[in-house]
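Only one structure is covered here, and it is reproduced in the block below.
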Amino acid sequence: MSVETMSIFSPELASRLDELVERYPMKRSALIPMLLYAQDEIGYLSDAVIEEVAQRIGITALDVRNVATYYSMLRFKPAGRFNVQVCTNISCMLRGAYEVFDHLQEKLGIGHKGVTADGTFSLEEVECIGACCWAPAMQVNYDFHDELTNEKVDAVLADCKAKAQEGVR
Ligand code: FES
């Protein structure tokens, strides 16, 4: 059966992916945006997501994995509702990223790549997120937080918890 009749994605996402595939002279140029949109909808790059994206582009699932594993923003396991990514690259490290990371580990009770028992938070250490001038920095889903202190981190976590209770992402 065709991708159209068997898609695991919502009709909205399926048509967005159709459009992306047609946008570039080489279909595989659409791979990363397709994976990001798919991850946003499904939560992570499951085998089924990888299979369908590969089929839409006309490459193998292995081709997709070979590219996707290079990017820290793409994940192969479900993350928490709020995925906290702390940069520990050089600029952030020199300005206290590991203190921030340790603080988060303690507050959340999880380590690198961990997910809290209630599924609200996941935590990971990542490479540069492009906010070096405002180090130390972290990203929570698509929001950036910089010039971090433990107090700022606590405020971000409190805000996320409040959103989780309201059902806001
Ligand atoms: S080194 Fe942390 S954002 Fe670049």
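In summary, helices (runs of 4 or more DSSP H) completely within region 1-94 and bearing 1 or more residues that are out of contact with any Gly (no Cβ under 6 Å at 6 or more places or on another chain) and farther than 26 Å from Ala137 by Cα occur at 3-6, 11-23, 31-42, 47-57, 61-68.
Scanning region 1-47 for residues that are modelled with pLDDT of 95 or more and aromatic (Phe, Trp, Tyr) yields Phe9, Tyr37.
Could you tell me whether region 85-98 includes any residue that is closer than 20 Å to Gly43 by Cα and either within 16 Å of the ligand (Cβ to nearest atom) or out of contact with any Pro (no Cβ under 6 Å at 6 or more places or on another chain) (or both)?
Our first condition is that a residue be closer than 20 Å to Gly43 by Cα; within region 85-98, this holds for 85-86.
Of the ones still in play, those that are also either within 16 Å of the ligand (Cβ to nearest atom) or out of contact with any Pro (no Cβ under 6 Å at 6 or more places or on another chain) (or both) are 85-86.
Taking every residue of region 85-98 in turn, at least one turns out to be closer than 20 Å to Gly43 by Cα and either within 16 Å of the ligand (Cβ to nearest atom) or out of contact with any Pro (no Cβ under 6 Å at 6 or more places or on another chain) (or both).
Taking region 111-147 as the range and being away from the ligand (no atom under 15 Å from the Cβ), assigned to a loop (DSSP other than H, G, I, E, B) and surrounded by 14 or more Cβ atoms within 10 Å (Cβ to Cβ) as the test, the residues that pass are Thr116, Thr120, Asn141. Residues that are in a helix (DSSP H, G or I), surrounded by 13 or more Cβ atoms within 10 Å (Cβ to Cβ) and either of a type outside the set (Asp, Glu) or outside the structural domain of Asp118 (by TED's automatic domain parsing) (or both) within region 148-160 comprise Asn150, Lys152, Val153, Val156, Leu157, Cys160, listed in sequence order.
The values are calculated or read from the model by the stated rules, or taken from the named source; none is laboratory data. Quantities reported herein were computed from a predicted structural model and do not represent experimental measurements. Quick reminder, even Gly has a Cβ in these numbers, built from the backbone with ideal geometry, and neighbours come from all protein chains shown.
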